[in-house]
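Everything below concerns the one structure shown next.
Each reported figure results from applying straightforward, stated rules to the coordinates on display, with no laboratory input. No experiment lies behind these values; they were computed from the predicted model shown. FYI the Cβ positions are ideal-geometry reconstructions off the backbone, even for glycines, and counts take in every protein chain you see.
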Amino acid sequence: MMHLRQPLQLPKGRELRVLIHARFSTEEQRQSSIDDQITACRAFLDTSLPKGTKPSQVTVDVIKEPEISGEIADRPGINQVWAGIESKRWDLIIAEESSRLYRHHTKAGELFESAVDAGVRVICPSDYIDTADDDWPDSIKFAKAKGSRQAKWTAGNVNAIIRRTIYRGFETNRKKVAKRKLRTGKSEYVWNDDDKIQTRESPHLRIVSDHLWYKANEVVDKRRVFQKPVRGAGHPLRGTTRQRRGLLAGVFTCGVCGSPMHSHGKTDGVYRCSGAAKGTCWYRGYCMRERVYPAVLEAVVDAVLSLDGVRDAVLNRVRELHEKGGTVAAELKTLNKNEKKLVAAMERLSTSRNW
């Protein structure tokens, strides 16, 4: 839980006025999402108040925004928050995270700035944002696309941002919907029918022209390995969990119980016994993928090279690729050509500036 560097203070002569804001996006999400947010914010408030604070010294208002996207700037709930800030109705606003207020970092920053100017403190525990700290603007960063789990930017994060139609002033909602399994009662997200996808024009959210947006997406399309990817029920891996995909899927097993070792984590992940996760195996050790893969590949290479005639064939192929450049020769030639053009352009720019 977030630890406040600037402790909460009770106003003199009156109660501390607090607002808790909670929101969830679509009707596929459960109402319990809002209840959980409110519970978490109340727990944070209780632990952050000075010791000995009486219930009569604190008043808490709650604003709920169910089934509405945080990318929508004009919402009844968030408009109440703005009005309360302008009238200085509250001393403190608590939201689980800044995206509950706005998915767009610029709008969230504007709300925080207005609150600070009005003397209203805003705290988002999950984002470690507290406007009482001088460095709070550093905590508000350019938001990645939904579902991003890593702090660092990746090619996938950038492509997901480029794909967002909202940046050309066109909102798309319910591309995927939750479908409940009759047997288990659990829900999974599936692609929605094209005629049921919700869209609308939102010119006030536009930040790029249509021409630039389509050109950028055209570049991304050309880089796709599969130009016509199969998705949904027709995908060959449909129903196969990500833990069962990978280099050693179905091969790497636990030495204690013989259960498959499942991969966990997208980037810096590990292998662990699937039986341990179910409670049927006592071995709870982890195998780092960065160590497992090199060891396995080294063993495979040694086994292949030990076969008669393979070593000479591999060496001949390596020599051929070294001499001719292989499949990367044309690409290297293009890169060298582009490098020369850039160097020449920089020299011309430098000469013109000196002049």
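Cross-link partners among aspartates and glutamates for Lys333, C-alpha distance below 19 Å, same-chain residues fewer than 8 apart left out?
Here the aspartates and glutamates satisfying the reach criterion relative to Lys333 are Glu320, Glu323.
Send over the semi-axes of segment 16-139's equivalent ellipsoid, whole angstrom and largest first, taken as the square roots of 5 times the C-alpha gyration tensor eigenvalues. Numbers along the way, then the final one.
On the way: eigenvalues 90, 65, 37 Å².
Rounded to whole Å, the semi-axes are 21, 18, 14.
Decide, for segment 155-234, between rounded, prolate and oblate: order the square roots of the alpha carbon gyration tensor eigenvalues as a ≥ b ≥ c, take rounded if a/c falls under 1.5, and otherwise choose prolate if a/b is larger than b/c, else oblate.
Working: a/c = 2.64, a/b = 1.51, b/c = 1.76.
Note, shape of segment 155-234 comes out oblate.
Amide H of Ile129: which non-local residues (sequence gap of 5 or more, or other chain) have their own amide H closer than 5 Å, using H built in the peptide plane?
Cys124
Name every cysteine in the chain that ends up alone, with no second cysteine's Cβ under 4.7 Å, or say none.
Cysteines lacking a close Cβ partner in the chain: Cys41, Cys124, Cys287.
Can you sort Met261, Met2, Met288 by how many other beta carbons sit within 10 Å, fewest first? Intermediate values should be presented prior to the final figure.
Details: Met261 23, Met2 15, Met288 12.
Neighbour counts put them in this order, fewest first: Met288, Met2, Met261.
Give the cross-link partners of Lys196 among the aspartates and glutamates, using a straight C-alpha distance below 19 Å as the criterion and excluding same-chain residues fewer than 8 apart.
Glu27, Glu28, Glu67, Glu171, Glu188
Give the average over all directions of the projected area of the C-alpha convex hull of segment 242-305, one decimal, in nm². Please list the in-between numbers first.
Values: hull surface 18.0 nm².
That works out to 4.5 nm².
Only four residue types carry charge here, +1 at the Cβ of Lys and Arg and -1 at the Cβ of Asp and Glu. Report the dipole size of the chain about the Cα centre in Debye, rounded to the nearest 20.
Details: 62 positive and 44 negative charges, 209 e Å.
Dipole of the chain, to the nearest 20 debye: 1000 debye.
Just the number, please: percent antiparallel of the DSSP beta bridges in the chain, rounded to the nearest 5.
On the way: 19 of 34 bridges.
Counting DSSP beta bridges with both partners in the chain, the antiparallel share is about 55 percent.
Rounding to the nearest 20 debye, state how big the charge dipole of segment 155-234 is about its Cα centre with +1 on each Lys and Arg Cβ and -1 on each Asp and Glu Cβ.
Values: 20 positive and 9 negative charges, 97 e Å.
Value, rounded to 20: 460 debye.
Let me confirm the definition first: pairs of Lys residues in segment 16-139, 8 or more apart or on different chains, C-alpha distance under 24 Å. How many are there?
The number of close lysine pairs in segment 16-139 is 4.
Over 33 Å, how big is the tail of the calculated P(r) for the chain, in percent of all Cα pairs?
Details: 34203 of 62835 pairs.
Percent of Cα pairs beyond 33 Å in the chain: 54.
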